[in-house]
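First the structure, in the form of structure tokens, and then the observations on it.
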Amino acid sequence: MMGVLEPRIVLLHGVGLDRSMWETFRAVCDRPTLALDLPGHGAQPPLREPQTLESLAQHVMSRLPEGPVHLVGFSLGALIAQYIARFAPARVLTLTSVNSVCRRTAEESEAVARRLDTAGTEFAAGVDLAIERWFPKASTSVPAQRIAAVRQVLARSDIQSYLHAYRVFAHGDQEIGPELGDITAPALAITGSDDPGSTPEMSHRLGRAMPDCRVVVVPHARHMLPIENAPALADALTTLIDNPKRMNRD
């Protein structure tokens, strides 16, 4: 008699990246995983029309494996994962939001709007700024070859796809924010203590907004937590999966 297959962990990346960003995490995670390319990224066809959080989520849902999954989203992927957990709850066993924005303040919205305004005309400079923001030379411990691989993926982005996706990232928290209280899946919000964009306060907002959400802030980590400290993310996710109903708020 064949055993029951363990539900998969499905991994969703952020804007301008692809499924390869999860390689470091998958190497330390002892559970079955599936990393998907978001629409307009990696091996997926480019985006040639404006998108919404709903349209991106529907595209991802069409490629999820059968049965409910442990859904893990990073940055834009986290907003998509939250949308799926809210509107297709039968597909989601647990929800993990990694370095996620949440209900940006006016000042936070202005900051992301400024980056969006220059993304199409100063893309190369934006890549440099993003890499320095994610992996500051003075403090990062991430190997140079891993940073170079992330830079290469980001630099070869289809710019039109990038802009369509980034607009969703810039405004998607407003779309899903009012719905967070109706997410029923056991959830985890995790970020780095030094993430300047997806801040610890934003993870705490998620923790307060969802009925069953624990919050973890990883010390000395910035935005690229799945690369900077994959073991910390794997440990927190394993705890959620193995103890989905045990609250552990920070």
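On the given criteria, is Ala185 in contact (Cβ under 8 Å) with a residue 12 or more places away in the chain, under 21 Å from Thr94 (Cα atoms), within 19 Å of the chain's Cα centre (by Cα) and crowded, with 23+ Cβ neighbours inside 10 Å? So Ala185 passes the test. For the stretch 166-212, residues that are under 11 Å from Arg86 (Cβ atoms) and in a loop (DSSP other than H, G, I, E, B) total 4. Here Ala90 meets each of (1) out of contact with any Leu (no Cβ under 8 Å at 6 or more places or on another chain); (2) touching a residue at least 24 places away in the same chain (Cβ under 8 Å); (3) surrounded by fewer than 16 Cβ atoms within 10 Å (Cβ to Cβ) with one exception, condition (2).
For every residue, the table says whether it meets (1) touching a helix residue (DSSP H, G or I) at 6+ places or on another chain (Cβ under 7 Å); (2) at pLDDT 95 or above.
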{"residue": "Ala130", "(1), (2)": "yes, no"}
{"residue": "Pro136", "(1), (2)": "no, no"}
{"residue": "Ser139", "(1), (2)": "no, no"}
{"residue": "Ala144", "(1), (2)": "no, no"}
{"residue": "Leu154", "(1), (2)": "yes, yes"}
{"residue": "Ser161", "(1), (2)": "no, yes"}
{"residue": "His164", "(1), (2)": "no, yes"}
{"residue": "Val168", "(1), (2)": "yes, yes"}
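Find the residue count for the stretch 1-30, including only residues that are farther than 24 Å from Ala130 by Cβ and surrounded by 15 or more Cβ atoms within 10 Å (Cβ to Cβ). Walk me through how you get there before you give the answer.
Initially, the stretch 1-30 is screened for residues farther than 24 Å from Ala130 by Cβ, giving 1-10, 28-30.
Those left that are additionally surrounded by 15 or more Cβ atoms within 10 Å (Cβ to Cβ): 7-10, 29.
Counting residues in the stretch 1-30 that are farther than 24 Å from Ala130 by Cβ and surrounded by 15 or more Cβ atoms within 10 Å (Cβ to Cβ) gives 5.
For Ser75, the conditions (1) crowded, with 17+ Cβ neighbours inside 10 Å; (2) farther than 20 Å from Glu175 by Cα are fulfilled apart from (2).
In the condition set (1) touching a His at 6+ places or on another chain (Cβ under 8 Å); (2) not in a helix (DSSP H, G or I), Asp30 is compliant with all but (1). Tallying residues that are in contact with a helix residue (DSSP H, G or I) (Cβ under 7 Å, 6 or more places away or on another chain), crowded, with 22+ Cβ neighbours inside 10 Å and among the hydroxyl-bearing types (Ser, Thr, Tyr) within the stretch 191-250 yields 1.
Of all residue pairs spaced 6 or more apart or on separate chains, those with beta-carbon atoms under 9 Å, a first member in the stretch 103-124 that is exposed (fewer than 10 other Cβ atoms within 10 Å of the Cβ) and a second member that is in a helix (DSSP H, G or I) and modelled with pLDDT of 90 or more are Ala124/Ala155.
The values are calculated or read from the model by the stated rules, or taken from the named source; none is laboratory data. Since the structure is predicted, the reported quantities are computational estimates derived from the model, not experimental observations. Please note: Cβ atoms are built from the backbone with ideal geometry, for glycine as well, and neighbour counts cover all protein chains shown.
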